[in-house]
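I have placed the structure first, in the form of structure tokens, so that the comments after it can refer back to it.
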Amino acid sequence: MADVIGRLAPSPTGALHLGNARSFLLAWLSARQQYGKLLLRIEDIDSPRVKPWAREQTLADLRWLGLDWDWGPDVKGPHASYIQTERWQRYRSVLEQLASDGAIYPCSCSRREVTEAASAPHESSASPLQLLEGNVYPGTCRSKQPNEEAGEFAWRWCFDSGESSWIDAVLGKQTANPESQLGDFVIGKSDGTPAYQLAVVVDDFDMGVTEIVRGSDLVPSTYRQLAILKHLGWPLPTYCHVPLMVGPDGRRLAKRHGDTRLSYFRELGFQPQVLVGYLAWTLGLQQRPEALEPDALIGTLDWQKISAAPTVFCLEEFLNSFARG
């Protein structure tokens with residue numbers, strides 16, 4: 001199974017928190033358990049939200065947790081560059097190909113969508129896919145041809161009608177009608193700047209990624225990315241959408257639930273093995289939240305045994321438990 005290639009793909013828009021760490025731990029564990037390779041890619045095309053300090057802190061946090069990678073911005077590999085903002089020309093060439101194919105069309109309907117398209121969307125913490133009533137793009141510009149739009153505009157993907165499905169390693173079979181449930185989505189700007197959905201597809205293909213591990217809130221993105229992959233005739237990776245960590249209110253973990261940054265726990269004096277053991281316990285990889293190194297988990301991962309239900313995290317209870325030893 002040496003041909004397995006996984007990836008860690010952090011966005012330097014802020015500090016890593018426990019939810020990020022859990023997904024990255026699983027991605028690392030899966031690749032290592034299969035004797036595969038793991039790359040680290042910096043997804044920094046979301047320029048307005050990128051923090052200058054976040055890239056180095058992210059790498060430091062991951063190393064502190066005990067995770068490593070075979071290729072990345074700090075480790076030479078066969079598919080460099082591993083930084084998205086150094087790959088603009090490649091994205092532009094694929095965008096031009098899609099326009100030539102008629103798979104995308106020019107649209108000037110929503111400036112907000114164009115602005116947000118560089119970010120990975122997080123549609124829902126309660127359900128992997130919901131009918132987004134009132135928010136599905138109605139196809140206003142579908143009939144436009146590439147030369148009909150002047151000035152700034154967005155390129156929007158044109159979904160085919162009908163169902164799309166795939167088998168997720170954690171969630172099982174996933175089926176939806178992307179055209180009616182998600183709607184055509186922004187894939188790039190008129191100047192060739194890519195949206196998140198295009199950039200990650202191109203990166204994963206170019207870098208030979210065979211397995212994608214990420215939070216279940218990104219299930220809707222999989223339908224979008226599968227459509228691009230199938231159109232281009234590129235191989236389809238295995239998808240593993242892991243349950244989110246949510247607060248006591250059932251909403252995805254955020255600042256409103258307290259400080260869950262890895263750097264915060266470091267400042268409190270936590271040992272990384274404590275967090276690794278706790279995260280492994282929340283996933284059912286060990287019976288008790290006992291401290292351990294990531295290497296000790298190799299051989300314990302069985303995707304079919306991981307619950308698809310979110311994990312409720314209460315910072316106060318967690319800190320009190322730590323204080324009790």
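Counting only residues that are free of Cβ contacts under 8 Å to residues at least 60 places away in the same chain and closer than 17 Å to PHE270 by Cα, the stretch 59-89 holds 3 of them.
When each of ALA296, ALA309, ALA280 is tested for being among the small types (Gly, Ala, Ser) and modelled with pLDDT under 90, the lone residue that passes is ALA309. Candidates in the stretch 200-225 are the residues that are in a helix (DSSP H, G or I) and β-branched (Val, Ile, Thr); of these, the one that is farthest from TRP88 (Cα to Cα) is VAL219.
For the stretch 248-258, a residue qualifies if it is surrounded by 14 or more Cβ atoms within 10 Å (Cβ to Cβ) and either more than 21 Å from the chain's Cα centre (by Cα) or not assigned by TED's automatic domain parsing to the domain that holds LEU18 (or both), and the qualifying residues are HIS257, GLY258. Looking only at the stretch 268-299, residues that are without any contact (Cβ under 8 Å) to a residue 40 or more places away in the chain and of a type in the set (S, T, N, Q) come to 3 in all. A Cβ distance below 8 Å, combined with a sequence gap of six or more or placement on separate chains, defines the contacts here; from the stretch 193-217, residues that are at positive phi reach residues that are crowded, with 21+ Cβ neighbours inside 10 Å in the pairs GLY208/ILE5. Each residue in the stretch 1-54 was checked for being of a type in the set (A, V, I, L, M), closer than 17 Å to ASP204 by Cβ and at pLDDT below 95, and 1 of them qualify. Report the residue count in the stretch 17-42 for those that are surrounded by 22 or more Cβ atoms within 10 Å (Cβ to Cβ) and in a loop (DSSP other than H, G, I, E, B). Summing the residues that are surrounded by 22 or more Cβ atoms within 10 Å (Cβ to Cβ) and in a loop (DSSP other than H, G, I, E, B) in the stretch 17-42 gives 1.
Selection within the stretch 99-147: residues that are outside any loop (DSSP other than H, G, I, E, B) and charged (D, E, K, R). The member of this set that is modelled with the lowest pLDDT is GLU116.
What tally of residues in the stretch 169-220 results from selecting those that are in contact with a helix residue (DSSP H, G or I) (Cβ under 9 Å, 6 or more places away or on another chain), of a type in the set (Gly, Ala, Ser) and within 30 Å of ASN147 (Cα to Cα)? So the count comes out to 4.
Considered as a group, the residues in the stretch 210-246 that are over 13 Å from the mean Cα position of the chain (by Cα) and β-branched (Val, Ile, Thr) include one that is nearest to TRP281 (Cα to Cα), and that residue is VAL246.
Considering (1) surrounded by fewer than 21 Cβ atoms within 10 Å (Cβ to Cβ); (2) closer than 23 Å to TRP71 by Cβ; (3) touching a residue at least 40 places away in the same chain (Cβ under 8 Å), the lone condition that LEU229 does not fulfil carries the number (3).
The values are calculated or read from the model by the stated rules, or taken from the named source; none is laboratory data. Quick caveat: nothing in here was measured; it's all calculated off a predicted structure. Because the Cβ atoms are built from the backbone with ideal geometry, glycine has one as well, and the counts that use them run over all protein chains shown.
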